């Protein structure tokens, strides 16, 4: 390999590394622009589910993680989903006093997320808080 080409590749690698380190410093854990969270959304990185579900609160595009997917697809990403009977009393009470009380719902076991289903596909992802 010619010397100028090696130098160019080295500079590109260093620039990419600088970019990655800067990005990680700007967007800390809990920020939906954090590199780890973005890679988790793409299925590339295994992020702690408590961190992931907490970060989802600030993610404007969090619905894409669930809506249109089957229970099996959602469980692959989030682990076991809970029925209202298995969920906490807080989650269950929120569901029973909500617009969705007659719908089929499941809860993500990490965090306060409720998923509404129509048939076998998820139609809504809702954060349960303050009910």
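Values quoted throughout were computed directly from the atomic coordinates according to the rules given, and no laboratory measurement underlies them. Because the structure is predicted, anything quoted here is derived from the model rather than measured. Ideal geometry is used to build each Cβ from the backbone, glycine not excepted, and the neighbour counts take in all protein chains shown.
Of the residues 33, 69, the one with the fewest other Cβ atoms within 10 Å heads the list, and the complete ranking is 33, 69.
Between residue 16 and residue 29, the modelled labels are 2.7 nm apart [label points 7 Å from Cα along Cα→Cβ]. By the count of neighbouring beta-carbon atoms within 10 Å, fewest first, 60, 92 end up ordered 60, 92. Taking other C-beta atoms within 10 Å as the exposure proxy, 82, 127, 15 rank 15, 127, 82 from fewest upward.
Remark: relative contact order (the chain) = 19 percent; criterion is Cα-Cα distance under 8 angstrom and separation of 6 or more residues. Subtracting the Cα-Cα distance of residue 49 and residue 63 from their residue separation scaled by 0.36 nm leaves 3.4 nm. Can you give the percent of C-alpha pairs in segment 1-60 whose distance is more than 19 Å? Value for segment 1-60: 44 percent of Cα pairs lie more than 19 Å apart.
Within segment 65-131, the percentage of alpha carbon pairs spaced more than 18 angstrom apart rounds to 26%. Here the ratio of the Cα radius of gyration of the chain to 2.2 N^0.38 Å is 1.41.
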